Amino acid sequence: MKHARLIAPIWCLAVIFDVKAQVCEWNRHPIPTPRYKHATVWDEHRGELLLFGGSDWGHRNGETWAWNGARWTLHGDAGPPSVEHSLAYDSARGVVVMFTWFETWEWDGDDWSLKSSSGPPARTEQAMAYDARRGVTVLFGGRNSSRYYEDTWEWDGAQWIQRAASGPARRSQTAMVYDEARGVTVLFGGYDQDGPDWFNSDTWEWDGSDWSLRSTEGPSPRHSHAMAYDRDRRKVVLYGGHVGDSPRFETWEWDGNEWALRGTTGPPSDFDSAMAYDPVRGATLCFGGLLNSDRGPTAEFWSWDGEMWSLVADNAAPLPRSGAALAYDSHREISVLFGGREGFYGDETHSTWEWNGSVWRKGSDDDPWRFDHATAYDASRHVVVMFGGRASTLQYIPPSKQTWLWDGSAWTLVATTGPSGRWAHAMAYDGRREVTVLFGGIDADWKRNGETWEWDGEKWTRRTPAHSPGARWAHAMAYDERRGVTVLFGGQRRGGFVDPDDQTWEWDGNDWKKVAGTGPSGRRDHAMTYNPHRGVCVLFGGVMGGSERSSETWEWDGATWSLISAGGLSPRDKTALAYDAARRELVLCGGNDDDGVISETHLLRCPGCTGRESIMQAECMDGRLVVLMKRSVPADRVWVTLSDGTSKSKEVNPHGKARVQFNNRPAGDSGLASAEWGCGAVDEKEYVCP
């Protein structure tokens with residue numbers, strides 16, 4: 001008996017089955033995505049850094065994350081509305097206080113609860129700190145669409161009380177911390193667009209009764225900087241900030257009397273990062289922020305020990321993007337992501353990222369600008385093939401007709417002839433014939449295309465089959481290694497954006513064949529890939545009809561579509577999908593959901609082997625050969641193949657068993673019944689038909 005041999009099972013005749021229980025589960029990669037305008041605070045009671053909200057250029061989020069010194073934990077993604085909020089930790093009551101727009105919320109370690117909708121007038125970009133000596137949370141300044149504020153408020157856990165209407169000049173995007181040793185709240189800098197100087201460089205202190213101007217020297221004028229109080233060294237730490245187009249990468253410290261410049265380099269985010277002091281490790285932690293304000297947000301996580309900055313975790317990740325393409329490089333065991341449109345404004349990108357199963361690494365940032373292109377991994381030549389796509393949404397800029405290859409270090413332009421320029425086409429690599437197959441798309445005249453092309457590593461060849469799926473765009477394709485066919489589903493055949501197609505077609509290298517008219521509802525801008533360990537093509541998401549997005553995950557086994565998950569992710573389209581064969585998981589990145597463009601990475605892990613899979617029985621009576629399998633993972637799939645090549649598959653039942661029956665076996669038939677499970681285990685047993 002043999003187990004867990006990682007080979008692709010041979011061709012089988014799939015057994016039709018109904019919608020089944022969820023086999024696999026989508027899990028979000030447990031690291032906060034790049035963001036800015038978030039807030040962090042140290043939760044002393046729970047001994048962790050709490051991070052809430054922010055924007056990733058795609059959309060604002062309501063995520064609550066906690067860092068325990070070793071790993072991040074997502075506590076939820078449906079928190080209070082995030083409008084450039086502020087956080088402070090109330091040590092007397094053991095809660096985190098948040099003020100956002102005009103609402104006051106508190107976090108008790110499990111949930112957010114709304115405490116008040118009255119108090120300070122609605123505003124954003126205010127500053128907050130907790131005064132431990134007097135047991136109140138102090139709020140200063142901020143702005144709304146009509147004015148900047150210079151008022152001071154205090155929250156005692158039950159109500160807000162306005163304490164001062166004067167002090168520091170009105171401002172927003174300032175920073176404020178509480179100096180425990182001296183019992184004062186310290187404020188520095190900020191921004192007032194209507195003020196005489198716009199940017200401030202003054203240092204103020206609040207003692208609970210009055211504001212005192214302490215200094216106008218030290219850091220230069222700035223806004224959107226970050227501050228934290230180092231209680232062990234009794235210093236206020238300031239980092240970053242911005243003045244117009246000029247970033248500040250300086251680290252300053254305030255000892256109660258004067259500012260001291262401690263460094264001129266540090267985290268790459270100079271703008272809208274968030275800082276808090278970790279008393280357990282004696283370090284100031286800085287997360288996220290904008291890279292020079294116009295290069296997008298980051299997820300880098302840094303630590304200041306009083307002498308130098310150190311990278312706690314790279315957390316590098318692609319910015320929010322849609323219309324990107326993902327292909328799995330089986331030779332290097334890396335998923336390669338290229339292009340797409342980044343962020344809310346839809347800026348085209350030319351960056352290449354690689355996913356190794358645990359972290360993202362930027363592979364290149366000097367590549368062709370492209371989105372709505374297609375890629376496929378050529379396993380025989382160890383390169384990713386990329387064709388077509390758009391560099392702009394403007395109709396007068398034609399789509400690309402270039403063919404590029406990625407060898408793991410750089411993109412190389414190898415052809416400008418072949419298919420006409422197009423976008424929203426689909427590609428898949430045919431491993432048996434060692435060609436990349438391309439179908440459909442939209443051309444320079446915005447006409448739907450129904451051509452079939454193949455790339456052999458040197459040139460494109462147009463194929464002219466007797467049958468065709470018909471002109472379409474925004475469809476998806478994947479190559480079924482088990483059966484040696486390229487599978488196509490859906491896309492937009494009709495004009496406009498209504499009634500997308502629901503047909504399944506297969507290409508065998510000679511002709512197209514329509515193989516199913518039922519399964520997923522019609523859709524466009526979905527994603528597909530092939531899972532060799534389960535022997536199925538996987539489909540995710542897309543737009544069904546006018547604008548309704550899907551969160552469904554489907555599997556095609558060659559005969560039937562099966563819904564394996566109806567949720568787990570927000571409905572989305574234009575996402576990038578690939579199967580990581582080395583780690584046996586689907587990788588999904590980016591896309592559009594109802595809130596905007598996404599940067600999250602999600603993984604779909606399917607059942608592993610029990611290590612005890614076996615054929616319990618292979619008995620033949622009256623021409624019926626019954627093969628029984630046991631000790632299997634429920635909902636896994638097992639293929640049984642006889643010596644003459646006849647094959648069938650069956651899904652494992654909730655008890656870990658599966659039964660496959662072969663009818664009309666001739667008398668005297670004998671041989672081996674070989675079983676292979678989707679998880680990779682194999683076994684075989686002799687049979688004899690009397």
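The values are calculated or read from the model by the stated rules, or taken from the named source; none is laboratory data. The shown structure was predicted, so the numbers you read here are calculated from the model rather than taken from an experiment. Here Cβ is always computed from backbone atoms with ideal geometry, including for glycine, and neighbour counts include all displayed protein chains. All accessible areas refer to the heavy atoms of the entire protein, side chains included, with ligands and DNA or RNA removed. Shrake-Rupley method; radii C 1.70, N 1.55, O 1.52, S 1.80 Å.
Check Asp232, Asp197 and return the single one that is assigned to a loop (DSSP other than H, G, I, E, B) and either among the polar types (S, T, N, Q) or within 27 Å of Ala283 (Cβ to Cβ) (or both).
After applying the criteria, what remains is Asp232.
This table checks each residue for (1) within 19 Å of the chain's Cα centre (by Cα); (2) hydroxyl-bearing (Ser, Thr, Tyr).
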residue	(1), (2)
Ala260	no, no
Thr265	no, yes
Gly288	yes, no
Phe301	yes, no
Ala316	yes, no
Ser351	yes, yes
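If a residue must be among the β-branched types (Val, Ile, Thr) and farther than 14 Å from Gln159 by Cβ, how many such residues does region 96-137 contain? Steps first, answer last, please.
Within region 96-137, the subset among the β-branched types (Val, Ile, Thr) is 96-97, 100, 104, 124, 136-137.
After this cut, where a residue has to be farther than 14 Å from Gln159 by Cβ as well, the list is 96, 100, 124.
Here the count works out to 3.
Out of curiosity, is Leu394 open to solvent by 10 Å² or more (accessible area, probe 1.4 Å) and in a loop (DSSP other than H, G, I, E, B)? Break it down stepwise before answering.
Working: open to solvent by 10 Å² or more (accessible area, probe 1.4 Å): yes; in a loop (DSSP other than H, G, I, E, B): yes.
Judged against the criteria, Leu394 is a match.
What are the residues in region 392-421 that are among the aliphatic types (A, V, I, L, M) and closer than 20 Å to Phe439 by Cα, if any?
First pass over region 392-421, keeping only residues among the aliphatic types (A, V, I, L, M): 394, 397, 405, 410, 413-415.
Leu405, Val414, Ala415, listed by residue number.
Out of region 663-690, which residues are modelled with pLDDT under 90 and either under 11 Å from Leu625 (Cα atoms) or among the acidic types (Asp, Glu) (or both)? Spell out the reasoning first.
Residues of region 663-690 that are modelled with pLDDT under 90, as a first pass: 676-682.
The answer is Glu676, and nothing else.
Conditions tested, residue by residue: (1) among the basic types (Lys, Arg); (2) under 17 Å from Phe287 (Cβ atoms); (3) open to solvent by 40 Å² or more (accessible area, probe 1.4 Å).
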{"residue": "Pro34", "(1), (2), (3)": "no, yes, no"}
{"residue": "Glu44", "(1), (2), (3)": "no, no, yes"}
{"residue": "Leu51", "(1), (2), (3)": "no, yes, no"}
{"residue": "Gly69", "(1), (2), (3)": "no, yes, no"}
{"residue": "Leu74", "(1), (2), (3)": "no, yes, yes"}
{"residue": "Tyr89", "(1), (2), (3)": "no, yes, no"}
{"residue": "Phe99", "(1), (2), (3)": "no, no, no"}
{"residue": "Asp111", "(1), (2), (3)": "no, no, yes"}
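Which condition number in (1) charged (D, E, K, R); (2) under 21 Å from Gln173 (Cα atoms); (3) at pLDDT 95 or above is the one that Asp197 fails?
Against the list (1) charged (D, E, K, R); (2) under 21 Å from Gln173 (Cα atoms); (3) at pLDDT 95 or above, Asp197 comes up short only on (3).
Please count how many residues of region 286-306 are free of Cβ contacts under 8 Å to residues at least 12 places away in the same chain and either closer than 26 Å to Gly69 by Cα or crowded, with 22+ Cβ neighbours inside 10 Å (or both). Step through it out loud before you land on a result.
From region 286-306, those free of Cβ contacts under 8 Å to residues at least 12 places away in the same chain are 294-295; that's our starting set.
Adding the requirement that they be either closer than 26 Å to Gly69 by Cα or crowded, with 22+ Cβ neighbours inside 10 Å (or both) leaves none.
Result for region 286-306: 0.
Tell me which residues, restricted to region 203-229, are of a type outside the set (S, T, N, Q) and either free of Cβ contacts under 8 Å to residues at least 12 places away in the same chain or over 24 Å from Leu290 (Cα atoms) (or both). It would help to see each step written out before you state the result.
Applying the first criterion (of a type outside the set (S, T, N, Q)) to region 203-229 yields 204-208, 210-211, 213-214, 217-219, 221-223, 225-229.
Those that are of a type outside the set (S, T, N, Q) and either free of Cβ contacts under 8 Å to residues at least 12 places away in the same chain or over 24 Å from Leu290 (Cα atoms) (or both): Trp204, Glu205, Trp206, Asp207, Gly208, Asp210, Trp211, Leu213, Arg214, Glu217.
Could you list, in sequence order, all residues of region 121-131 that are of a type outside the set (Ser, Thr, Tyr) and crowded, with 22+ Cβ neighbours inside 10 Å?
In the first step, residues of region 121-131 are kept if they are of a type outside the set (Ser, Thr, Tyr); the result is 121-123, 125-129, 131.
Within region 121-131, Arg123, Glu125, Gln126, Ala127, Met128, Ala129 qualify.
Pairs needed: first member in region 405-417, touching a residue at least 40 places away in the same chain (Cβ under 8 Å) and on the phi < 0 side of the Ramachandran plot; second member anywhere, among the acidic types (Asp, Glu) and not in a strand (DSSP E or B); C-beta distance under 8 Å; at least 6 residues apart or different chains.
Cβ pairs passing all conditions: Trp411/Asp367.
So in region 361-379, with the set limited to residues that are farther than 21 Å from Met528 by Cα and either of a type in the set (Ser, Thr, Tyr) or not in a loop (DSSP other than H, G, I, E, B) (or both), which one is modelled with the highest pLDDT?
Among those residues, the one meeting the criterion is Arg361.
Would you say Gly190 is touching a Ser or Thr at 6+ places or on another chain (Cβ under 9 Å) and over 30 Å from Gly135 (Cβ atoms)? If you could, list the steps in order and put the result at the bottom.
Numbers: touching a Ser or Thr at 6+ places or on another chain (Cβ under 9 Å): yes; over 30 Å from Gly135 (Cβ atoms): no.
No.
Pairs needed: first member in region 354-368, polar (S, T, N, Q); second member anywhere, not in a loop (DSSP other than H, G, I, E, B); C-beta distance under 6 Å; at least 6 residues apart or different chains.
From residues that are polar (S, T, N, Q), the pairs are Asn356/Ile334; Ser364/Thr352.
Is one or more of the residues making up region 314-328 free of Cβ contacts under 8 Å to residues at least 24 places away in the same chain, of a type outside the set (S, T, N, Q), more than 23 Å from Gly218 (Cβ to Cβ) and surrounded by fewer than 23 Cβ atoms within 10 Å (Cβ to Cβ)? Spell out how you get there, then give the answer.
Step one: list which residues in region 314-328 are free of Cβ contacts under 8 Å to residues at least 24 places away in the same chain, which gives none.
Scanning region 314-328, I find no residue that is free of Cβ contacts under 8 Å to residues at least 24 places away in the same chain, of a type outside the set (S, T, N, Q), more than 23 Å from Gly218 (Cβ to Cβ) and surrounded by fewer than 23 Cβ atoms within 10 Å (Cβ to Cβ), so the answer is no.
Considering only residues that are in a loop (DSSP other than H, G, I, E, B) and closer than 19 Å to Pro571 by Cβ, look in region 503-525 and name the one that is farthest from the chain's Cα centre (by Cα). Quick ask: steps written out before the conclusion?
Start the filter on region 503-525 by keeping residues that are in a loop (DSSP other than H, G, I, E, B), which leaves 503, 508-511, 517-523, 525.
This time we only want the ones that are closer than 19 Å to Pro571 by Cβ, so: 519-523, 525.
Working: Gly519: 27, Pro520: 24, Ser521: 25, Gly522: 25, Arg523: 22, Asp525: 17 Å.
Result: Gly519.
Test Glu548 against the criterion of being without any contact (Cβ under 8 Å) to a residue 40 or more places away in the chain, out of contact with any Phe, Trp or Tyr (no Cβ under 8 Å at 6 or more places or on another chain) and under 14 Å from Arg524 (Cα atoms), and give yes or no.
Values: without any contact (Cβ under 8 Å) to a residue 40 or more places away in the chain: yes; out of contact with any Phe, Trp or Tyr (no Cβ under 8 Å at 6 or more places or on another chain): yes; under 14 Å from Arg524 (Cα atoms): yes.
Against the criterion (without any contact (Cβ under 8 Å) to a residue 40 or more places away in the chain, out of contact with any Phe, Trp or Tyr (no Cβ under 8 Å at 6 or more places or on another chain) and under 14 Å from Arg524 (Cα atoms)), Glu548 qualifies.
Out of the residues in region 446-495 meeting the condition of being hydrophobic (A, V, I, L, M, F, W, C) and on the phi > 0 side of the Ramachandran plot, tell me which one is surrounded by the fewest Cβ atoms within 10 Å (Cβ to Cβ).
Just the residues of region 446-495 that are hydrophobic (A, V, I, L, M, F, W, C), to begin with: 446, 453, 455, 460, 466, 471, 473-474, 476-478, 485, 487-489.
Then keep just the ones that are on the phi > 0 side of the Ramachandran plot; that gives 446, 474.
Details: Trp446: 10, Ala474: 27.
Here the residue is Trp446.
Look through region 136-154, keep the residues that are hydrophobic (A, V, I, L, M, F, W, C) and out of contact with any Pro (no Cβ under 9 Å at 6 or more places or on another chain), and return whichever of them is most open to solvent (accessible area, probe 1.4 Å). First the steps, then the outcome.
First, pick out the residues of region 136-154 that are hydrophobic (A, V, I, L, M, F, W, C): 136, 138-140, 153.
Add one more test, that the residue is out of contact with any Pro (no Cβ under 9 Å at 6 or more places or on another chain), and what stays is 136, 138.
Numbers: Val136: 16, Val138: 0 Å².
Only one residue fits best here, namely Val136.
If you go through region 648-662 one residue at a time, how many are at pLDDT 90 or above and either of a type in the set (Ser, Thr, Tyr) or open to solvent by 80 Å² or more (accessible area, probe 1.4 Å) (or both)?
Of the residues in that region, 2 qualify.
Name, by its number, the condition in (1) open to solvent by less than 10 Å² (accessible area, probe 1.4 Å); (2) assigned to a loop (DSSP other than H, G, I, E, B); (3) under 30 Å from Val688 (Cβ atoms) that does not hold for Asp644.
The single condition Asp644 does not satisfy is (1).
Would you point out which residue out of Trp423, Trp404 is at pLDDT 95 or above, closer than 17 Å to Asp329 by Cβ and buried (at least 18 other Cβ atoms within 10 Å of the Cβ)? Let's see the steps before the verdict.
Details: Trp423 fails: closer than 17 Å to Asp329 by Cβ.
Only one candidate qualifies: Trp404.
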